[in-house]
Amino acid sequence: MQVRTIIVAAVAAMLLGAGAVQADVFNMDPNVYGPNVKSLEMVTVGDPGNAGELSGAGAGGYGPDRICGAVSYEYRIGKYEVTAGQYTEFLNAVGGVDTYALYNMTMSNTSSGSGITQSGGGTGGNPYTYSVATDFANRPVNWVSFWDACRFVNWLNNDQPTGPQDAATTERGAYTLNGYKGADGRTIQRNANAKWAVTSEDEWYKAAYYKGGSTDAGYWDYPTSSNSVPGTDMTEATNPGNNVNYYYGSGMPIPIDSGKYTTVAGEFQLSDSPYGTFDQGGNVVEWNEAIVYEGSDWSYCGLRGGSFYGGNYDYLHASYRGNDTYYAPPTYEYDNVGFRVSEVPEPGSAVLLIAGAVAVFRRRAMR
């Protein structure tokens, strides 16, 4: 299969040489990635202080029980999963030497990969450059570990700089990594001053399932604003829709999009969550910050939402916290694993909001 490829090496070299323009995943360049390229978009998740609900085996699902979805603050979350085009911007900004292996060679696969290819020698004098196939730029990046996702959001926290993978680019920010790539996710947690993050389990869960509109609105079973099992109709015509990219049994085709296992971000345009996110069910399963299982020197991070070959619609359900496929060590990389980001209030803003709420309460109490 021939795939038209956008070569960004010359463009990247020109930008690096000029030193005047840096990567910007919030304003993707249509001259580089095509006229329909998706920039990183965020949606607001309000109703702070909402009640959570039980998820896990005790709720009829799978995995350790936990009350999920309660978030005390307003935040923003990625409307879509981080795409291959956006990750290519990241790689071209910091992956010239690729000290911490942000690129996996299998990403270049154009059926179950991300369509991202690597060129160059990976040295200071001959850095790597990266390009993405045109028909993969808007599909989710995959073959990324939890640490890759953390380094991406560190880069966002640091205003998307260009340079080697160090404290100024990928190793500090939302998470203090300092080169860590080990099997124990407990060793590194979100920093208090984080502006961007890999979604927490509660942030992810609320955006996917909470009905919204009040602090006790309740939850849907599936992240398509529905309690009914989703279908896989890419040509959905009714609104609201209830479809995602997943596979269950012989009655559903795999893959569903012309030989490609992932679908374009927002393909199921009528099947959004209550807050307006897409693909929190199916496509790729998404990392979150939860520690689901742990041992003496290892831990398994959370993965939510099911994927294109989940094999079972249960994986899409709110009660499903994981099995041997849907939680993994933070080093894990596979073709059905990606991530989504959240933008959280800065600590100073949160303090002001709390102080304001306390002042209002006191005034009311004095009346």
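Modelled this way, with points 7 Å down the Cα-to-C-beta line, the labels at Tyr293 and Gln269 are 4.2 nm from one another. Counted by neighbouring Cβ atoms within 10 Å, the residues Ser114, Ser131 run from fewest to most as Ser131, Ser114. Stretching the chain fully between Asn27 and Ser119 yields a gain of 30.7 nm (0.36 nm per residue, less the alpha carbon separation). Computed from phi, the 3J(HN,Hα) profile of the stretch 43-55 under the Karplus parametrisation 6.51, -1.76, 1.60 (θ = phi - 60°) reads 10, 8, 10, x, 6, x, x, 5, 6, x, 8, 6, 10 Hz, with x in place of Gly and Pro. I'd like the distance between the alpha-carbon centres of the stretch 254-282 and the stretch 26-100, rounded to an integer number of Å. Taking the Cα centre of each part, the stretch 254-282 and the stretch 26-100 sit 14 Å apart. Cα extents for the stretch 13-139 along the principal axes, largest to smallest and rounded to whole angstrom: 55, 28, 27. Every Cα-Cα pair of the stretch 80-205 was included, and the share exceeding 25 Å stands at 22 percent. For the chain, the relative contact order is 20 percent, taking Cα pairs closer than 8 Å that sit 6 or more residues apart in sequence and dividing their mean separation by the residue count.
Of all the options Asn109, Asn283, Asn245, the one that moves most in a Gaussian network model of the chain with Cα springs shorter than 10 angstrom is Asn109. Out of Phe136, Phe90, Phe26, any idea which swings most in a Gaussian network model of the chain, alpha carbons joined below 10 Å? In the Gaussian network model the winner is Phe26. Modelled this way, with points 7 Å down the Cα-to-C-beta line, the labels at Val43 and Asp216 are 2.6 nm from one another. Screening the chain for whole DSSP H helices with an alpha carbon extent of at least 18 angstrom along the helix axis and a mean Kyte-Doolittle hydropathy of at least 1.0 yields 347-366. Cross-link reach is defined here as a Cα-Cα straight distance under 27 Å, omitting same-chain residues fewer than 8 places apart; for Lys181 the lysines meeting it are Lys195.
Taking the DSSP bridge list for the chain and keeping only pairs wholly inside it, about 85 percent are antiparallel. Going from the fewest other Cβ atoms within 10 Å to the most, the residues Met234, Met107 appear in the order Met234, Met107. Based on the alpha-carbon gyration tensor of the chain and its eigenvalue square roots a ≥ b ≥ c, which shape applies: rounded if a/c is under 1.5, prolate if not and a/b is larger than b/c, or oblate? Oblate is the answer for the chain, as a/c is 1.5 or above yet b/c matches or exceeds a/b.
Close amide H partners of Ser39, meaning residues 5 or more places away or on another chain with modelled amide H under 5 Å apart, are Met28.
Each of Thr44, Thr106, Thr224 has some number of other Cβ atoms within 10 Å of its Cβ, and from fewest to most they run Thr44, Thr106, Thr224. Our coupling estimate for the stretch 234-242, obtained by passing each phi through the Karplus curve with A = 6.51, B = -1.76, C = 1.60 and θ = phi - 60°, is 6, 10, 3, 10, 9, 10, x, x, 8 Hz, Gly and Pro reported as x. Separation of the stretch 125-146 and the stretch 186-239 by C-alpha centroid, Å? So the two Cα centres are separated by 26 Å. A simple spin-label model places the labels of Thr235 and Tyr180 5.1 nm from each other, with each point 7 Å out along Cα-to-Cβ. In the chain, taking the dipole from charged Cβ atoms about the Cα centre, the farthest positive-side position among Ser119, Thr215, Asn178 is held by Thr215.
Each value in this text was obtained by applying a stated rule to the coordinates, not by laboratory testing. The model shown is predicted, which means the values in this text are computed figures rather than measured ones. Neighbour counts are summed over all protein chains in view; Cβ atoms, including those assigned to glycine, are modelled from backbone coordinates with ideal geometry.
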